[in-house]
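Asks: Here you go, one structure.
The values are calculated or read from the model by the stated rules, or taken from the named source; none is laboratory data. The shown structure was predicted, so the numbers you read here are calculated from the model rather than taken from an experiment. Methodologically, a virtual Cβ is constructed for each residue, glycine included, from the backbone with ideal geometry; neighbour enumeration extends over all protein chains shown. The accessibility values were calculated without ligands, DNA or RNA, using every heavy atom of the protein model including side chains. Shrake-Rupley method; radii C 1.70, N 1.55, O 1.52, S 1.80 Å.
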Amino acid sequence: MDKRKVKIVTIGGGSSYTPELIEGFIKRKDQLNIKEIWLVDIEEGKEKLEIVGEMAKRMVKAANLDWEVHLTLNRREALKDATYVTTQFRVGLLDARIRDERIPLTFNLIGQETNGAGGIFKAFRTIPVILDIIKDMKELCPDAWLINFTNPAGMITEAAINYGGWDKTVGLCNVPIGFINMDNAVMGLPEFDDTLYFKFAGLNHFHWHRVWDKSGKEITDYLIDQIYNPELKGKYAGMKNVRDLPMNYEQIKDTHLLPCSYQRYYYITDDMLNDELEEYKKHNTRAELVKQTEKELFELYKDTNLNYKPEQLTKRGGTHYSDAACEVICSIENDKRTTMVVSTKNNGAINDLPYGCIVEVSSVITSHGPEPINWGSFNPSIRGILQNQKAMEEVAIEAAVTGDYGKALQSFTINPIISSGKIAKKLLNQMLLANKKYLPQFKDAIEKLEADGETYNPSDYGIK
């Protein structure tokens, strides 16, 4: 039987990651009967959309494929009869990320894209938009799958499923892929080698994993020694997004689990904060560096002879996101039952978390979506911080949907790397005012702050 024709729509099509997405589809050209790819963006992203869109067309042409590549600022036009919708947008662009990082750091608190106050505000800006996209999808492409890799991916996926009612949503992250490749390197294996067996569980940017070798022997403790033992440290690099400061070996060893790099923000908060504050002083926060990298990438993309993904894209920090999205689509479309780490409904996979909440867990990707692999229970040292983090996510999502100031303040207070009391309230108020343009749901709260004489001055945070 002939494969059905597939129409793919990418919201945030002007992203610097789009060439990797196109490359991923090209690699799977024999498994996906693609007819159309629509790259969608907003007016502020028009120039980037045109640059990267033309490059996408060159890549498709170089691969001798007859796929139609469309560029548009009209989301509804693109969504009509879509088979798959991928989301990789950033509300407020990188300038919003700079605010997310620099404002908390001025308060001597972690400033980070998906953790702490920055992560909560990225969710506040993004969740209303994902829910609007779902409203359009219900009307225009009611059978489509939504493949989300917009951060914070776990919270966005939970909002889409539990508030938007779009059960056909899968959340993705490149972090597990990075750890699989690092563990392979430790064992002398190439990237993406399938010799080892991996099992992940937790939340997006807050997970742990175990590893077994081909003989069935668990090698998690061996990998902990190789990666975190201070006598051996320095041999294997961490993520580009997270500074690779040494974690407490004894603490990691005690868990008998391999942590996510982002756990550094919770396990060694002071070390990470001090490091970030040094970068803050030099205007070298991660967001500011990424903005420069992105500028350089788009200069490359303008080259009319460039028809392949440039190596420089790996410096962007999110490499493999797009390829993972392509594989999820391929596995759903062909019922491949590939095992991948995705954000999906818990459905009892992690005993310590609510049945219907969204977790990041190893899953079998079927034609009806992810089937999470049972993990069981965490030990108390992890169970406590995991449940706290999930509660924080649930409260933050509710605040993002309702615009409830009290819920927003609660999410700040619950989060272990945000201060409580007056500092939390002052930081929340400043970030609400700084993001006024992108937070229509908080209109009443922001107007009250302004009426009470609260002001936001970008120069206070070294922001131009």
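Asks: Once you sort the root eigenvalues of the Cα gyration tensor of region 1-132 as a ≥ b ≥ c, which label holds: rounded (a/c under 1.5), prolate (a/b larger than b/c) or oblate (the other case)?
Replies: Values: a/c = 2.37, a/b = 2.20, b/c = 1.08.
In terms of gyration-tensor shape, prolate.
Asks: Given Cα pairs under 8 Å that are at least 6 residues apart, what percent is the relative contact order of the chain?
Replies: Here the relative contact order equals 18 percent.
Asks: Report the relative contact order of region 51-145, percent, no decimals, based on alpha-carbon pairs under 8 angstrom and at least 6 residues apart. Can you show the working numbers first?
Replies: Numbers: 69 pairs, mean separation 28.3, N = 95.
Once divided by the residue count of region 51-145, the mean separation gives 30 percent.
Asks: Which percent of the accessible heavy-atom area of the chain goes to carbon and sulfur, probe 1.4 angstrom? Walk me through the numbers on the way to the answer.
Replies: Working: 9230 of 19080 Å².
Roughly 48 percent, rounded to a whole number.
Asks: When you count, for each residue, the other Cβ atoms within 10 Å and take the mean per peptide, how do 174-181, 249-256, 108-115 rank with the highest first? All intermediate terms of the calculation are to be shown ahead of the outcome.
Replies: Working: 174-181: 21.5, 249-256: 14.2, 108-115: 23.5.
In decreasing order of mean packing, 174-181, 249-256, 108-115 become 108-115, 174-181, 249-256.
Asks: Any idea how far apart Leu93 and Glu218 come out in nm if each label point goes 7 Å out from Cα toward Cβ?
Replies: My value for the distance between the label points is 4.9 nm.
Asks: Nearest 5 is fine: what % of DSSP beta bridges in the chain come out antiparallel, could you say?
Replies: Values: 25 of 48 bridges.
Of all bridge pairs located within the chain, approximately 50 percent are antiparallel.
Asks: Tell me the per residue accessible area of the chain using a 1.4 Å probe; a whole number in Å² is fine.
Replies: Details: 19080 Å² over 464 residues.
With all protein chains present, the chain gives 41 Å² per residue.
Asks: Can you bin the chain into rounded, prolate or oblate? Criterion: square roots of the alpha carbon gyration tensor eigenvalues sorted a ≥ b ≥ c, rounded for a/c under 1.5, prolate for a/b above b/c, oblate for the rest. The partial results should precede the final answer.
Replies: Values: a/c = 1.39, a/b = 1.07, b/c = 1.29.
In terms of gyration-tensor shape, rounded.
Asks: Which whole-Hz couplings ³J(HN,Hα) result when phi for each residue of region 303-312 is put into the Karplus expression 6.51 cos²θ - 1.76 cosθ + 1.60, θ = phi - 60°, listed in order with x for Gly and Pro?
Replies: 5, 5, 8, 7, 10, 8, 5, x, 4, 4
Asks: Skipping prolines and chain starts, which residues have an amide H placed within reach, meaning under 5 Å, of the one on Ile34, given they are 5 or more residues away or on another chain?
Replies: Here Val6 satisfy the definition.
Asks: Taking the Cβ of Asn284 as the center, what net charge do the other residues with Cβ under 13 Å away carry, scoring Lys and Arg +1 and Asp and Glu -1?
Replies: Numbers: positive: Arg102, Arg243, Lys281, Lys282, Arg286, Lys291; negative: Glu101, Asp275, Glu276, Glu278, Glu279, Glu288.
Net local charge, Asn284 excluded: 0.
Asks: Moving on to the next point. Pop out the ³J(HN,Hα) list for region 116-121 in order, Karplus 6.51 cos²θ - 1.76 cosθ + 1.60 with θ = phi - 60°, rounded to Hz; leave Gly and Pro as x.
Replies: x, 4, x, x, 5, 6
Asks: Provide the FRET efficiency to the nearest 0.05 for the Arg76-Asn33 pair, computing r from the beta carbons and using R0 = 35 Å. The partial results should precede the final answer.
Replies: Values: r = 25 Å, r/R0 = 0.70.
My answer for the efficiency is 0.90.
Asks: Rounded, prolate or oblate: pick one for region 99-196, where a ≥ b ≥ c are the square roots of the eigenvalues of its C-alpha gyration tensor, a/c under 1.5 means rounded, and failing that, prolate if a/b is larger than b/c, else oblate.
Replies: Details: a/c = 3.73, a/b = 1.17, b/c = 3.18.
Oblate.
Asks: Evaluate Rg over Rh across region 170-304, taking Cα atoms for both radii and Kirkwood's formula for Rh. Numbers along the way, then the final one.
Replies: Values: Rg = 17.0 Å, Rh = 16.6 Å.
Value, to two decimals: 1.02.
Asks: How far is it, in nm, from the label point at Ile373 to the one at Leu232 when both lie 7 Å from their Cα along the line to the Cβ?
Replies: 2.3
Asks: Oh, and also: Mind giving me the FRET efficiency for Ser459 and Asp335? R0 is 41 Å, r the Cβ-Cβ distance, nearest 0.05 is fine.
Replies: Working: r = 56 Å, r/R0 = 1.36.
My answer for the efficiency is 0.15.
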